[in-house]
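The values are calculated or read from the model by the stated rules, or taken from the named source; none is laboratory data. As the structure is a computational prediction, the values presented were derived from the model and not from experiment. Glycine also receives a Cβ, built like all others from the backbone with ideal geometry; neighbour counts cover every protein chain displayed. These area figures cover heavy atoms from the full protein model, side chains too; ligands, DNA and RNA do not enter into them. Shrake-Rupley method; radii C 1.70, N 1.55, O 1.52, S 1.80 Å.
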Amino acid sequence: MHLDPLAILTAFGLIFLAELPDKTMFASLAMGTRMRPLYVWFGTSSAFIVHVAIAVGAGSLISLLPGWIVKLVSASLFAFGAFMLLRNGGGDDEEEGGTKTVTGFWPVYSTAFMAVFISEWGDLTQITTANLAASNGTWSTAIGSAAALMSVSALALLAGQFIAKRVPLKTVQRIGGLCMLGLAIWTVVEIFAS
């Protein structure tokens, strides 16, 4: 196993910049305002690691998956997340004193994992990772890409916590729900645009 520091930095820089404006970053931010951020991070990071492994191991096979089906499932997950946030965001019976988490580790982990795992199929970062692995080495690309994706997720979750501490929970839930709804619509539009 040969590690090239320049290849690691190249993969990190390219993937970090590509993931910043990505919908999974916004999904992480929204999940982080409602769920335990560390649990969400474990879920998103696990999904990113699986996708990096798939990209570096068999990047060219991703193009064989029907893109519209993957995007439709992704849109459904975003719509479900929007429904859950908007449904819970309107009641007056919630405690004003602190943030209310959804549930324990496994439900939050699996929700975050599935949201990222499904929505990242054929994503720009996955394709970029596959291309970098072909030219810069598998392990160096995998380490740089995974670190970049996990860093963006952590930044989104920190931003979500910062917002949640300064804005009332109901407002955060409504905004998060609207963001998730917007991501669902955006993903459906991508189906018809491609």
Check: Among the residues of segment 1-44 satisfying the criterion of being closer than 18 Å to Ile127 by Cα and among the small types (Gly, Ala, Ser), which is nearest to the chain's Cα centre (by Cα)?
Finding: Ala18
Notebook entry, point to check: Only one of Phe42, Phe12, Phe26 is touching a Cys at 6+ places or on another chain (Cβ under 7 Å), in contact (Cβ under 8 Å) with a residue 24 or more places away in the chain and open to solvent by 30 Å² or more (accessible area, probe 1.4 Å); which?
Noted result: Phe26
Check: Which of the residues that make up segment 27-45 are closer than 20 Å to Pro168 by Cβ and not in a loop (DSSP other than H, G, I, E, B)?
Finding: Leu29, Ala30, Met31, Gly32, Thr33, Arg34, Pro37
Note to self: Could you go through segment 118-139 and let me know if any residue there is hydroxyl-bearing (Ser, Thr, Tyr), in contact (Cβ under 8 Å) with a residue 24 or more places away in the chain and not in a helix (DSSP H, G or I).
What the structure shows: no
Notebook entry, point to check: Any residue in segment 136-144 that is under 17 Å from Met31 (Cβ atoms) and not basic (Lys, Arg)?
Noted result: no
Notebook entry, point to check: Counting only residues that are closer than 18 Å to Ser28 by Cβ, open to solvent by 40 Å² or more (accessible area, probe 1.4 Å) and among the hydrophobic types (A, V, I, L, M, F, W, C), which one in segment 164-194 is farthest from the chain's Cα centre (by Cα)?
Noted result: Val167
Check: Which number in (1) modelled with pLDDT of 80 or more; (2) under 23 Å from Trp68 (Cα atoms) marks the one condition that Tyr109 misses?
Finding: (2)
Note to self: The conditions are (1) part of a loop (DSSP other than H, G, I, E, B); (2) touching a Ser or Thr at 6+ places or on another chain (Cβ under 7 Å), and Val56 fails exactly one of them. Which is it?
What the structure shows: (1)
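Listed here are the residues, each with its yes/no results for (1) of a type outside the set (Phe, Trp, Tyr); (2) open to solvent by 50 Å² or more (accessible area, probe 1.4 Å); (3) at pLDDT 75 or above.
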{"position": "Val56", "(1), (2), (3)": "yes, no, yes"}
{"position": "Ile69", "(1), (2), (3)": "yes, yes, no"}
{"position": "Ser76", "(1), (2), (3)": "yes, yes, yes"}
{"position": "Ala79", "(1), (2), (3)": "yes, no, yes"}
{"position": "Ala82", "(1), (2), (3)": "yes, no, yes"}
Note to self: Being closer than 29 Å to Met35 by Cβ and surrounded by fewer than 24 Cβ atoms within 10 Å (Cβ to Cβ) is the filter here; which residues of segment 128-151 pass it?
What the structure shows: Thr128, Ala142, Ile143, Ala146, Ala147, Met150, Ser151
